[in-house]
Amino acid sequence: MTTTNIHQHPLESLLRTEYLPHIWCPGCGAGVVLGTLLRSLVKSGLDLKKTVFISGIGCTGRAAGYVKLDSFHVTHGRALPFATGMKLSNPELKVVVFSGDGDLAAIGGNHFIHAARRNVDMTVVCVNNFTYGMTGGQFGPTTPEKARSSTSAKGMMEKPFNIPYLAAASGAVYIARWTAAHVPQMEKAFGEAITKRGFSIVEVISPCPTYYGRLNSQATAVDMMRYYRKNSTVENGADVSKVDIELNGKIIIGKFVDIERHFIPDTAREK
């Protein structure tokens, strides 16, 4: 009769369990997204000894410290140039970037558009919770218009970035969006993005009940997950210029772009 250690984490081979429990707030979606990504990596068949995991600054940034791969927690907004350098220095590596909307689309925004323009061979996971959760709930580049935050008490006045549209306009070859409530679909998208050659990105709309939710009539993670389920509509191949996210509005999800382009480093072309 075999016995099973009931205290063993199912992803223990890829997690530094000595650093658990994690620091994320109750109801945060970062753990759901990270766990789904790690399962996708296991199923991908990639050589995990040649897989590097890079995160920036923000709530998602701590993920690099929990992952039992060659992992790097880099400076604010610089995850993508760091990842680019890593890929160029060793083209055999599979480079995965795990970061938030603030890190990727605000201080890292210029790096984002140029990494996509160059079609650098990497996979980016953007955990989008519409706020700066680590520093007090300020509005960010993806905060929906009219949404309240600690720095927009009367409602956000600026038009937010549409991440899939920005990625497509810049040249990304694979673009998908799901929510933290769509785990099987998210896992499939991660698998496709990881095995895609070129710049691939999966945006995941993720709950932040601590800051964004409680200020916008979604006081708990359950409220936010129910909202994602009720208001999300799958539209594979949707026109990315029309997948903006409005406050309490419909969320268009699915796989939007899957094309081929020369990528950097394109070793076949170099030969």
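What follows draws every value from the coordinates through simple rules; no lab data is involved. Keep in mind that this is a model prediction, so the values were computed, not measured. Ideal geometry is used to build each Cβ from the backbone, glycine not excepted, and the neighbour counts take in all protein chains shown.
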Contour minus Cα-Cα span, S241 to H76, at 0.36 nm per residue, comes to 56.6 nm
If every Lys and Arg gets +1 and every Asp and Glu gets -1 at its Cβ, then about the Cα centre region 113-189 yields a dipole, in debye to the nearest 20, of 180 debye
Per the charge dipole of region 12-270 (beta-carbon charges, Lys/Arg positive, Asp/Glu negative, Cα centre), the residue among P81, G65, V124 reaching farthest to the positive end is G65
Full extension between K43 and H114 adds, at 0.36 nm per residue less the Cα distance, a length in nm of 22.6 nm
By Cβ neighbour count within 10 Å, fewest first, V173, V222, V96, V257 rank V222, V257, V173, V96
Exposure-ranked with fewest Cβ neighbours within 10 Å first, E145, E12, E158 stand as E158, E12, E145
What the 5 Å binned alpha carbon P(r) of region 177-221 shows, as percent of pairs per bin from 0, is 5, 22, 20, 16, 14, 10, 8, 4, 0
The chain, Gaussian network, Cα under 10 Å: of H111, H73, H22, the residue fluctuating most is H22
Dipole check, region 150-271, charges on Cβ (K,R +1; D,E -1), about Cα centroid: among I194, A172, S152 the Cα furthest to the positive pole belongs to S152
Computed for region 1-142: size of charge dipole around the Cα centre, +1 on C-beta of each Lys and Arg, -1 on C-beta of each Asp and Glu, debye to nearest 20, value 220 debye
antiparallel share of DSSP beta bridges within region 106-240, to nearest 5, in %, is 15 percent
Extension length gain for S217 and Q138 (0.36 nm per residue less Cα distance), in nm, is 26.8 nm
Answer in debye to the nearest 20: the dipole magnitude of region 12-270 about its Cα centre, from +1 Lys/Arg and -1 Asp/Glu charges placed on Cβ, is 240 debye
Per-residue ellipticity at 222 nm attributable to helices in the chain (runs of n ≥ 4 DSSP H, -39500 (n - 2.57) apiece, nearest 500 deg cm²/dmol) works out to -8000 deg cm²/dmol
Residues of region 187-227 with backbone N under 18 Å of the label point set 7 Å from the Cα of H262 along Cα→Cβ are 197-199
Percent antiparallel among DSSP beta bridges confined to the chain, nearest 5, equals 20 percent
